[in-house]
1. Any residues in segment B:51-91 that have 40 Å² or more less accessible area with all protein chains than in their chain alone, probe 1.4 Å, and which are they?
2. Rounded to two decimals, what is Rg over Rh for segment A:25-108 when you use alpha-carbon atoms and the Kirkwood radius?
3. Past 26 Å, Cα to Cα: identify those pairs from B:Lys43/C:Lys100; B:Lys118/C:Lys55; B:Lys245/C:Lys280; B:Lys42/C:Lys127; C:Lys67/C:Lys100, in the order given.
4. How many percent of the accessible area of segment A:25-108 is carbon or sulfur, using a 1.4 Å probe?
5. Got a sec to turn the phi values of segment B:73-78 into Karplus ³J(HN,Hα) couplings, 6.51 cos²θ - 1.76 cosθ + 1.60 with θ = phi - 60°, whole Hz, x for Gly and Pro?
6. Considering Cα pairs under 8 angstrom that are at least six residues apart, work out the relative contact order of segment A:25-108 and quote it in whole percent.
7. Hand me the trypsin sites (Lys or Arg not before Pro) from segment C:41-114 located in a DSSP loop with no more than 13 other Cβ atoms within 10 Å, in residue order please.
8. Before we go on, tell me the buried accessible area for the B/C pair, both chains summed, 1.4 Å probe, in Å² to the nearest 100.
Amino acid sequence: MPTERELAISPIVQESVQHNTRVISNIRSLTASLFGIASGILGLESYAGFAFYLLGTFFVSVLIWAFLAKGKQGEYFQGPLSELWAGDVLGGGMSFVLTWTLFYGLVRA
Amino acid sequence: MVQTIHRDPALFYWILFPISIVMILTGVLRHYATILLQTTPKKLTLPALREQRQLLHGINLRTNYSAISSASFAARKNYLVSAYKNGDFLKDPDNRGKPAGNPMTDPAAMEGMMGMMKGNMAMMIPQTLIMGWINAFFAGFVIMKLPFPLTLRFKSMLQSGVATRDLDVRWVSSLSWYFLNLFGLQSVFIFILGNDNAASQMAQQMQQMNPSGAGGMFQPGQDPDKMFKSEAENLEVVEHEYILKGVEERVLGLV
Amino acid sequence: MSLSSSLRHSNSEALSLSQQSTQYLQKHTSTGTSTIPVPFISYPESTELWLMYEKLLLSCLRAGDDKAAHLCIEKLIDRFGATNERIMGLRGLYQEAVAKDDAALGRILKEYDEVLAEDPVNTPVAKRRIALLQSLSRTTDAIDALTELLESSPTDIEAWTELSDLYLSQSLFPQAIFCLEEVLLVAPSAWNIHARLGEVLYISVTSSNESADGKTLAEAMRRFCRSIELCDDYLRGYYGLKMTSDRLLSAFPDNSKAAGQILSTDNGELPMPSTATVRKLNEKATSKLAEMTRWTTARGYNYAEVVAAKELLDKSTQPKQR
C-alpha cells in the first residue's frame, strides 16, 4: 500500500479502478463460456476439461496483458497478479461449467 | 466401467433449454420488478440535510486537508470543531443526550429495512417457485451426464428421485441443471442487464453486507451528536501536510 | 447538477444542436407520452432521451430558438410533471430567457421566493433564484443567498465555484480563495481548480497596488505546478506557470536578499523557491507551450487557448531579441 503522502500526490481514482475490473470481468465471462462450448464439443472429461479452461484463461490473460495493458500492468492495476492474471477466474469458471455441461450433453448425445 | 444410458435427444429440447430460458426470463423479470418496486428516496428537511452535509464537510476536511495551506486548514478546523462541540448543526438540538432512537419506531429506519426485505423477497420467491416447478414436472429421471466426477455425497442431492445404488454420480437429474444455471447465468445477467442488476445473486449478498442504502449517512440507531464529537476528535488529531511542499521539484522531475 | 455539465458545449456545438432540434422533436413525438408502450413502433424510453431533451433545451435557448425550446420544456413537463424540482428549475430558466423586461424578471423572482417558502430544500429553484439575482445585477443579494445555500450544503462544488466568481467580480480576493479551497476539499484531484486558484492568486497580486508580493506569487506558481502534476498536458497550467515564473524572475532577479527575508518569517507557510528552480520551471513551461502551439487542435486543445499561448510566447521572446 502506498503511503498516505504518495496517495495524496498521485491519487487512485475509484472510477477507473472499477472500470478496469469490469473490463476484465466481462472478458473473462465471455471467454469462459466460449471455452465451455469448445470443451463440450471436444468431449473433454473431468481433469482434461478443467486444464483446458485454465490454459485458455491463461492465454486470454496474456492477450489482455499484451494488448490492453500494453505490458505496463503496474499502471492499470494496484495488484496486477491478483487482478489481471487471477481476476474473476472462479466467476468465469461457473459459466465455463454451465456451457461445458450443456454442449457435452448435446454433442455426445 | 463406463456407464452409458441411451437417451432420447428430444429430452434436451424439452427440458434443458426450457429450464434455462425460464431462469433467464425470471432473472430479467426480477430485475425490472426490483426497479419498479423501489421507493423514491425520502426527501430530507433543511436541518436534516444540513446535519448530514456538514458531517460530510468535516470528513472531507479530514481526508483532503493536504490541498490547502496549514493556515486555512487551522481556521476551518477550529470553526468545525467548535461547531461540532456546540451541536450547531444538529437538527434536533433538544434531543442531545437522549439515547438513540429505537429502529422499530424511527420511520426513516423502517423504510430502509423494508427496502432490504423487499429485495430479499424478490430473490427468494422466484427461486422457491422454480424449484417447486422443477420438482413437480421434471422429477424422477436423470437427464444428463456431468463431464466431471463428484463425490458420493452429492449423489443424494443431484440424483433426487432416482433411487439406485450404483448409478454413477455423473448422471444427474434436472434439479442439478437448475443449480448449474443458477451460478452460471450470473455473468449472462451482467451482460444483458448492465452491471448492477438485481438478478445477480452475488450483488444481493454484497448488498446485505452493507445495508446503508438510501437512508443516508445516519444509520438507524446512531446518534448524530456522538458522530459529530468523534469527528471533532479526529480533526484535532490530524497532522497537516501541504501537498504544495516540494511540488516544483516533483514537476521538474516529471519532464 | 447536470445543468452545468450541459453548458460545457461550445457555442458552435450549441448552434448546430439547436438547428437539428426540429427534426429531433418530430422524430420523437410519440415517445414517452403513449400510455401503452408498443415496442418497435414507438422508440423505447431511456434516461439518455430525457438528458438529450435537457441538453437540447439549453442549446436552443443559447441559440435564441425560443419556439423549439418551448416544445422541449413542454415535453419535459408532460413526462415528469410540473412539481418535479429539476423541471421547475428548467422552467424557470426558460421563463427568464424569454422574459421581456426587468418587471417580468421581478415577477419570476417572486415566484421563486414563494416556491422556496413552501419548500426550502428545492435546490434547483434556489440556484435559479441566485442566477436571476445575478442577471438583475443584485450581486450582494446573490452573494448572501449563496452563502445561505452553502451553510446547509457545504459540499456543493458548483455553488462554491459560483461564489468564488462572484467574489472575484467584486475583487474580494481572500474570500474567493477561500471558496476555491472549499472546492478542493471535495475534489482534491481537480487540476482545473488548482489552476483557477493559481489564476485568482495571480490576479490578486497584479491588481493590488503594492509591489509584487513574492509569497503569493510563489504560491500561485506552486498551484500551477500541482495542476501540471495531476494532468501532464494541461495548457492552462503551463500558461499560468510561465506567467508567474516570468513575473517572479523579473521581480526577484537574485534570490539572496528577498528569499532570506521570507525564509526568516516561515510561520508554517512554505519558503520561497530559489531562483534557479524558478528559472528551470520557466524554461520547462516555455518549451512545453511551444510544443503545444505546434500541435494545436489535432490533440484536442481549445483553439482560443492555443492562440493565447502563442501570444504569450511571442511577447516573451520579443524583449530577448532586443
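The values are calculated or read from the model by the stated rules, or taken from the named source; none is laboratory data. Note that the structure is predicted; figures quoted are calculated from it, not measured. So basically every Cβ, Gly included, is an ideal-geometry build from the backbone, and we count neighbours across all protein chains shown. For accessibility, only protein heavy atoms count, side chains too; no ligands or nucleic acids. Shrake-Rupley method; radii C 1.70, N 1.55, O 1.52, S 1.80 Å.
1. B:Arg53, B:His57, B:Asn60, B:Asn64, B:Ala67, B:Ile68, B:Arg76
2. 1.05
3. B:Lys43/C:Lys100; B:Lys118/C:Lys55
4. About 76 percent, which is the carbon plus sulfur part of the accessible surface.
5. Ordered by residue, 3J(HN,Hα) equals 4, 4, 4, 5, 4, 4 Hz.
6. Taking the mean separation of contacting Cα pairs over the length of segment A:25-108, I get 57 percent.
7. Passing sites in segment C:41-114 are C:Lys100.
8. The summed interface area works out to 3000 Å².
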